[in-house]
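Q: Have a look at the structure that comes next, please.
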Amino acid sequence: MEASVKAKRIGGSLGVIIPKEIVKRERILEEDTLNIRVEKTDNLNFLWEKYRDIKTPTDQIMREIDENEAP
C-alpha cells in the first residue's frame, strides 16, 4: 500500500502521518513495527510561484497549443 505524505517536524526529528484508510486496511495498531520505503518526490511548488500570476484561462491556452501544432 502506498500513500503520499508530508514530513512534519516532531522535536528534532521528522515524522509522517499514516492516512486513516491505510491504518484500517492494514490493521495497524499503536506500537506496531512497520517497514517503510522512503522515496522523495520532486517538489514542483516553484512552478506554481513562477506562473501563478498568469490570467489566461487553461482552455484558451490549450486552443492556442492546438492551433500551433503541425498536422
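The values are calculated or read from the model by the stated rules, or taken from the named source; none is laboratory data. Worth saying up front: this structure is predicted, and the values here are computed from it rather than measured. No Cβ is skipped: glycine too gets one built from the backbone with ideal geometry, and neighbour counts run over all protein chains shown.
Q: Would you please list the contacts, defined by Cβ atoms under 6 Å and residues six or more apart or on different chains, that run from a residue in region 2-19 that is at positive phi and in contact (Cβ under 8 Å) with a residue 12 or more places away in the chain to a residue that is in a loop (DSSP other than H, G, I, E, B) and loosely packed, with under 10 Cβ neighbours inside 10 Å?
A: Listed pairs, sorted by first residue: none to list.
Q: Now for a separate question. Give the residues of region 41-61 that are more than 28 Å from residue 3 (Cα to Cα) and either part of a helix (DSSP H, G or I) or of a type in the set (S, T, N, Q) (or both), sorted by residue number. If you could, list the steps in order and put the result at the bottom.
A: Quick first cut of region 41-61, residues more than 28 Å from residue 3 (Cα to Cα) only: 53-61.
Passing the criteria: 56, 58, 59, 60, 61.
Q: Is it the case that residue 64 is of a type in the set (Asp, Glu), modelled with pLDDT under 85 and not in a loop (DSSP other than H, G, I, E, B)?
A: Against the criterion (of a type in the set (Asp, Glu), modelled with pLDDT under 85 and not in a loop (DSSP other than H, G, I, E, B)), residue 64 does not qualify.
Q: While we're looking at this one, here's another question. Being β-branched (Val, Ile, Thr) and exposed (fewer than 10 other Cβ atoms within 10 Å of the Cβ) is the filter; apply it to region 24-68 and report the residue that is nearest to the chain's Cα centre (by Cα). Before you say what the answer is, go through the steps one by one.
A: Kept after step one, since they are β-branched (Val, Ile, Thr), are these residues of region 24-68: 28, 33, 36, 38, 41, 54, 56, 58, 61, 65.
In the following step, the residues that additionally are exposed (fewer than 10 other Cβ atoms within 10 Å of the Cβ) were identified as 33, 36, 38, 41, 54, 56, 58, 65.
Numbers: 33: 25, 36: 17, 38: 14, 41: 7, 54: 22, 56: 25, 58: 21, 65: 27 Å.
Applying the filter and picking the extreme gives 41.
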